[in-house]
1. Go through segment 312-333 and count every residue that is away from ligand 1 (no atom under 16 Å from the Cβ) and touching a helix residue (DSSP H, G or I) at 6+ places or on another chain (Cβ under 9 Å).
2. Looking at segment 256-305, which of its residues are within 16 Å of ligand 1 (Cβ to nearest atom) and in a loop (DSSP other than H, G, I, E, B)?
3. For residue 372, indicate whether it is free of Cβ contacts under 8 Å to residues at least 60 places away in the same chain and either within 16 Å of ligand 1 (Cβ to nearest atom) or assigned by TED's automatic domain parsing to the domain that holds residue 389 (or both).
4. Which residues, taken from segment 325-358, are within 16 Å of ligand 2 (Cβ to nearest atom) and assigned to a helix (DSSP H, G or I)?
5. Of the residues that make up segment 102-117, is at least one crowded, with 23+ Cβ neighbours inside 10 Å and in contact with a helix residue (DSSP H, G or I) (Cβ under 6 Å, 6 or more places away or on another chain)?
6. Among 240, 253, which is the only one that is free of Cβ contacts under 8 Å to residues at least 12 places away in the same chain, farther than 22 Å from residue 95 by Cβ and assigned to a loop (DSSP other than H, G, I, E, B)?
7. Got at least one residue in segment 345-366 being surrounded by fewer than 17 Cβ atoms within 10 Å (Cβ to Cβ) and touching a residue at least 12 places away in the same chain (Cβ under 8 Å)?
8. When you scan segment 213-234, do you find a residue that is outside any helix (DSSP H, G or I) and crowded, with 20+ Cβ neighbours inside 10 Å, even just one?
Ligand SMILES: *[C@@H]1O[C@H](CO)[C@@H](O)[C@H](O)[C@H]1NC(C)=O
Ligand SMILES: *[C@@H]1O[C@H](CO)[C@@H](O)[C@H](O)[C@H]1NC(C)=O
C-alpha cells in the first residue's frame with residue numbers, strides 16, 4: 001500500500017446532483033488546499049485520516065475440521081501478499097481446527113466474533129467434511145447470504161460451491177464450477193461449467209487444490225485489479241499452463257527406496273512459507289507417506305510467513321530420534337534462516353547426505369540452508385529465482401524441480417505441488433504421481 005506516503009490521508013466524497021455515484025479519493029496534503037479551493041464538488045469531508053489509514057480489503061476465510069488445508073492456506077497467503085486484511089475464522093467451537101490430512105491450523109477468531117464485520121470478500125475452502133460444516137453454520141450462512149444481497153463478492157472452491165453456496169441457493173442462474181465429483185450436485189443449483197476458475201456476477205468458483213493458486217490470484221484481481229494480481233503472481237513462480245502432464249529435471253537418477261512409509265521429516269519454524277509447507281505435507285500424506293511435521297522450537301505452534309498459525313506434530317528434539325527416508329525443507333525467508341541456524345537440523349541433513357539418503361529443499365531453503373552448509377556440493381539444484389545467485393552451480397536453475405541423485409530442489413510456492421509430486425514419483429512411481437495430480441486437478445482429470 002502506498003498510503004504510507006500520503007501524509008496525512010484525507011478522503012472526500014464527491015457528490016453531484018445529476019449522478020448518484022460517490023467517489024472516494026485520496027490526495028496529498030500539499031494538493032489539498034488547491035483542490036478545496038478549485039473544486040466546488042467537494043462538499044463533505046467524509047472520513048478522518050485515521051479512518052482511512054488503510055484501504056486494505058477485508059477478506060473472510062472460514063475454516064472447519066476437515067477443510068482442505070491447501071485451499072484455505074493458499075487463499076489466505078496469496079490475498080495477504082496482495083495486502084488484504086484476511087481474517088481466518090473457525091466455525092468450530094475452538095480456534096484450533098483439524099484440517100484435512102492432519103494439518104492443524106489455529107484460526108484468528110471464531111466466526112461468532114466476525115458476524116458484524118463487513119467483508120469485501122468471503123472465500124469458502126473445500127474439503128469434506130469441512131464444506132458441510134461451513135454449510136451448516138447458521139452465522140456463516142447469513143453472512144454469505146447478506147454479502148450476496150449487498151452485491152459484495154463471494155467465492156468458493158472444490159466441494160464448497162456445490163455443498164455450501166449452491167445449497168444456500170446463491171448460485172441460481174449463475175455459471176459456476178466445483179470439484180468433479182460434486183458437479184452433478186452443482187448442476188441442480190447452478191449452470192455447471194468445467195473452467196478451472198469461473199466468475200459470474202459477484203461469485204468466483206474453482207475446482208480443487210491444483211487450481212487454488214489461480215483461484216486466489218483471480219480473487220486478488222477482483223479486489224485490486226490486474227496489475228496487482230500480476231505483481232503478486234510473479235514471485236509465486238506459477239505454472240503457466242496446466243495440461244495432462246508435468247515434467248521434472250532428473251540427473252544421476254537413482255531409485256529412492258524405503259522400508260517403512262516412507263517416513264518423511266518436514267521441519268517448520270516461524271517464517272516458514274505456509275503454502276509450501278502445507279502443500280508438501282498434504283500431497284505426501286495423500287500418497288500415504290508418513291509425514292512428521294516438526295517445529296524447530298519447543299513450542300509446537302509456529303507463525304508462518306503470511307501469519308498463518310500452524311501446529312506441528314512434534315518438535316525437532318523428539319523428531320531427530322527417528323530415521324527418515326527423506327528430509328524436506330519448505331522455504332520462507334525467516335523459516336530458512338531459522339533452519340540454517342539450527343545445528344541440530346543441519347547435522348541431521350549432513351548425516352542424511354553422507355548416508356546417501358534423500359533430502360531436499362524449496363524456495364529460499366536451497367540457497368540459505370543447503371548451499372552455505374555444503375549440502376549442494378557437487379550437485380545441480382534450483383531455488384527461489386531472486387536467491388539463485390547464491391548457488392555456486394547455477395547451470396540447472398531454470399528448471400522448476402531438479403532431482404540430482406538423492407537431492408531434490410525447487411523454486412517457490414507455485415512449484416511446490418510439482419516438487420511434492422516429484423517426491424511421490426521417486427518413491428511410488430510416475431503412475432501414482434500422475435493419478436494424484438489428476439485427483440487434485442493439478443493436471444486435467
Ligand atoms: C474439531 O477439532 C478440534 C481440534 O482437534 C477438536 O477439539 C474438536 O472436538 C473437533 N470438533 C468436532 C466437531 O469434531
Ligand atoms: C515465534 O513467533 C511467536 C509469535 O510471534 C513467538 O511467540 C515465538 O516466541 C516465536 N518463536 C521463536 C523461536 O522465535
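The values are calculated or read from the model by the stated rules, or taken from the named source; none is laboratory data. None of these values were measured; they are calculated from a predicted model. Heads up, the Cβs are rebuilt from the backbone with ideal geometry, glycines too, and the neighbour counts pull from every protein chain shown.
1. Within segment 312-333, residues that are away from ligand 1 (no atom under 16 Å from the Cβ) and touching a helix residue (DSSP H, G or I) at 6+ places or on another chain (Cβ under 9 Å) number 14.
2. Result: 300, single match.
3. Values: free of Cβ contacts under 8 Å to residues at least 60 places away in the same chain: yes; either within 16 Å of ligand 1 (Cβ to nearest atom) or assigned by TED's automatic domain parsing to the domain that holds residue 389 (or both): yes.
Answer is yes for this residue.
4. Our first condition is that a residue be within 16 Å of ligand 2 (Cβ to nearest atom); within segment 325-358, this holds for 330, 332-345.
The answer is 333, 334, 335, 336, 337, 338, 339, 340, 343, 344, 345.
5. Taking segment 102-117 first, the residues crowded, with 23+ Cβ neighbours inside 10 Å are 103, 105, 107.
Applying the additional criterion that residues be in contact with a helix residue (DSSP H, G or I) (Cβ under 6 Å, 6 or more places away or on another chain) yields 103.
Yes.
6. On the way: 253 fails: free of Cβ contacts under 8 Å to residues at least 12 places away in the same chain.
When all the criteria are applied, what remains is 240.
7. Taking segment 345-366 as the starting set, the residues that turn out to be surrounded by fewer than 17 Cβ atoms within 10 Å (Cβ to Cβ) are 347, 350-351, 354-356.
Subsequent filtering for residues that are touching a residue at least 12 places away in the same chain (Cβ under 8 Å) retains 350, 356.
Yes: one or more hits.
8. First pass over segment 213-234, keeping only residues outside any helix (DSSP H, G or I): 225.
Subset that is crowded, with 20+ Cβ neighbours inside 10 Å: none.
There is no residue in segment 213-234 that is outside any helix (DSSP H, G or I) and crowded, with 20+ Cβ neighbours inside 10 Å.
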